[in-house]
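K.L.:
Shown below is the structure under consideration.
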Amino acid sequence: MKLKDFDFRIWDKNKEAFLKQEPTLIKLDNERVIAGRISRFYANTADIADMFIGNGNDLEIELWSGFYDSKGTKIYEGDIVKYRSNTTPLVAVFERSTFYIVDTSIEKHLQVDCGTRLQGIYENRSNGYKDNKLECLEVLGNIYENAELLKVKE
C-alpha cells in the first residue's frame with residue numbers, strides 16, 4: 001500500500017461512535033493523541049489541543065488493511081468478516097506488521113497464532129483476485145458496534 005492510499009478510522013470510547021470522516025489527527029507527545037476538526041488556526045499547540053475531541057485514552061485508531069471485501073467495502077482493523085468457507089465470524093487484526101483474520105471462538109485474545117494473513121489470501125492467484133478485492137470475505141460489522149456477532153451460539 002502506498003502512502004497516498006493510507007486510511008484509518010477512529011473509535012471514541014466515551015461516545016461509543018466512530019469520529020466523522022476525515023478527522024484531523026495530531027500526536028502531541030509520547031502519551032497523548034488527540035483527534036477532531038480544527039475550526040480556527042492556532043499558533044500555540046496548547047490552544048489547538050483545546051479544540052479537539054477526546055484524549056488519547058478515549059480513542060482507538062484502526063488502520064485500513066489495504067483490502068476490500070466482496071462488496072467493495074474497506075476492511076479495517078477491528079472489522080468482523082465472514083469467510084465464505086467458514087460459518088464463524090472472523091476479526092481483522094493488525095499484528096507483527098501485517099493484517100490477519102482471526103477466529104475468536106478459538107483465539108479469545110485476538111492473537112494471530114490461529115489467524116490467516118490477508119496478504120496471503122490475496123496472493124493466492126488461483127482465486128483470481130485483483131484491485132485488492134478479496135471476493136471470499138464480507139464485512140459484517142465491527143467489534144464495537146456489532147460485538148454480538150462474535151458471541152458463541154449454544
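The values are calculated or read from the model by the stated rules, or taken from the named source; none is laboratory data. Everything numeric here is computed off the predicted structure, so don't read it as measured data. With ideal geometry, Cβ positions are generated from the backbone for all residues, glycine too; neighbour counts draw on all protein chains shown.
K.L.:
Identify all residues within region 58-107 that are among the basic types (Lys, Arg), at negative phi and over 13 Å from the mean Cα position of the chain (by Cα); write none if there are none.
P.N.:
Within region 58-107, 71, 82, 84 qualify.
K.L.:
Are there any strands (runs of 3 or more DSSP E) wholly within region 36-154 with 2 or more residues that are loosely packed, with under 14 Cβ neighbours inside 10 Å and either modelled with pLDDT under 80 or among the aliphatic types (A, V, I, L, M) (or both), and if so which?
P.N.:
none
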